[in-house]
1. Is it fair to say residue 170 is polar (S, T, N, Q) and either open to solvent by 60 Å² or more (accessible area, probe 1.4 Å) or part of a helix (DSSP H, G or I) (or both)?
2. Are there any pairs with C-beta distances below 6 angstrom linking a residue in the range 238-265 that is of a type outside the set (A, V, I, L, M) to a residue that is open to solvent by 40 Å² or more (accessible area, probe 1.4 Å) and not in a loop (DSSP other than H, G, I, E, B), with the two at least 6 apart or on different chains, and if so which?
3. Quick one: which residue in 234, 214 is touching a strand residue (DSSP E or B) at 6+ places or on another chain (Cβ under 6 Å) and closer than 25 Å to residue 65 by Cα?
4. For the range 226-258, give me each residue that is closer than 22 Å to residue 94 by Cβ, open to solvent by 20 Å² or more (accessible area, probe 1.4 Å) and assigned to a helix (DSSP H, G or I).
5. Tell me the residue from 71, 86 that is closer than 22 Å to residue 142 by Cβ, at pLDDT 95 or above, crowded, with 23+ Cβ neighbours inside 10 Å and not aromatic (Phe, Trp, Tyr), please.
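The values are calculated or read from the model by the stated rules, or taken from the named source; none is laboratory data. The structure presented is a predicted model; accordingly, all values stated were derived computationally and were not measured. Cβ placement follows ideal geometry from the backbone for every residue including glycine, while neighbour counts extend to all protein chains displayed. These accessible areas exclude ligands, DNA and RNA; they are computed on the full protein's heavy atoms, side chains included. Shrake-Rupley method; radii C 1.70, N 1.55, O 1.52, S 1.80 Å.
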Amino acid sequence: MAVSAFKMLGFFIGFFLMEGLVSSAKFDELFQPSWAQDHFAYEGELLRLKLDSYSGAGFQSKSKYMFGKVTVQIKLVEGDSAGTVTAFYMSSEGTNHNEFDFEFLGNTTGEPYLVQTNVYVNGVGNREQRLSLWFDPTKDFHSYSIFWNQRQVVFLVDDTPIRLHTNMENKGIPFPRDQAMGVYSSIWNADDWATQGGRVKTDWSHAPFVASYKGFEINACECPASITADDNAKKCSSSGEKRYWWDEPTLSELNVHQNHELKWVKANHMIYDYCSDTARFPATPLECLHHRH
């Protein structure tokens, strides 16, 4: 079996330029609470976020990044989690922001969690896909990652690609490669839409709803706020003798094994794909005509 290129991350970092890279498994070195700090609980390397009828909670990275890989291990809300959403995402700021979303949609006891992904480019989203998972994400920790370079954005679950968004600027399709992004996570109540289209509401008698986190890793190019977007793009791109691991040719596209994994996920676990939703999009979105995503 071929080894995932993303599993070679440690190898590449050992041999290519480290300047500007950040890597850690400690929450407080990389992140800070962004709201409802009283809904955080720390147990050594373990972090728990709590949702109750008063508030959810969220955290964000202390820095912004351009290109690389971010990962967190999450154990999702156990039991009846209907109406709740736990999110892990990257986003830039402003009206024309870029964003890569994992949203974990809670469900009634015994029904599967759904994972919704979305990609925003220049402020435009509406690129939702929904998947079931091949395991129960409430029973143990699993890793959720976003890999990003100038050629592709890859969403990964336990290093298995579940979504690919490729650069097709040559087809006139914008690609997110010019804005530094923060890394975020949160848990909140979204019972107006999250579970079975909003038909199943949050049962607060089961509160608090708790999502658990560990294994925080950011292997990416850190972008100081004092540097312009153009300068950050130059700083975080390989040129001459300056070589970053995410620009290696082996990471410009999925390898054969990864393509097989992605096809397996789509064939067995895809529940919704915006590209196939002719009610929402009578005209097929341009990127759906030209590339896998």
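1. In short, yes.
2. 238/247
3. Being touching a strand residue (DSSP E or B) at 6+ places or on another chain (Cβ under 6 Å) and closer than 25 Å to residue 65 by Cα holds for just one of 234, 214, which is 214.
4. Answer for the range 226-258, where residues must be closer than 22 Å to residue 94 by Cβ, open to solvent by 20 Å² or more (accessible area, probe 1.4 Å) and assigned to a helix (DSSP H, G or I): 229, 230, 231, 233, 234, 235.
5. So the residue among 71, 86 that is closer than 22 Å to residue 142 by Cβ, at pLDDT 95 or above, crowded, with 23+ Cβ neighbours inside 10 Å and not aromatic (Phe, Trp, Tyr) is 86.
Residue-by-condition table, conditions (1) in contact with a helix residue (DSSP H, G or I) (Cβ under 9 Å, 6 or more places away or on another chain); (2) in a loop (DSSP other than H, G, I, E, B):
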{"position": "49", "(1), (2)": "yes, no"}
{"position": "60", "(1), (2)": "no, no"}
{"position": "66", "(1), (2)": "yes, no"}
{"position": "72", "(1), (2)": "no, no"}
{"position": "95", "(1), (2)": "no, yes"}
{"position": "100", "(1), (2)": "no, no"}
{"position": "130", "(1), (2)": "no, no"}
{"position": "144", "(1), (2)": "no, no"}
{"position": "147", "(1), (2)": "yes, no"}
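Yes or no, residue by residue, for (1) modelled with pLDDT under 90; (2) more than 23 Å from the chain's Cα centre (by Cα); (3) closer than 17 Å to residue 147 by Cβ:
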site: 217; (1), (2), (3): no, no, yes
site: 232; (1), (2), (3): yes, no, no
site: 239; (1), (2), (3): yes, yes, no
site: 276; (1), (2), (3): no, no, no
site: 293; (1), (2), (3): yes, no, yes
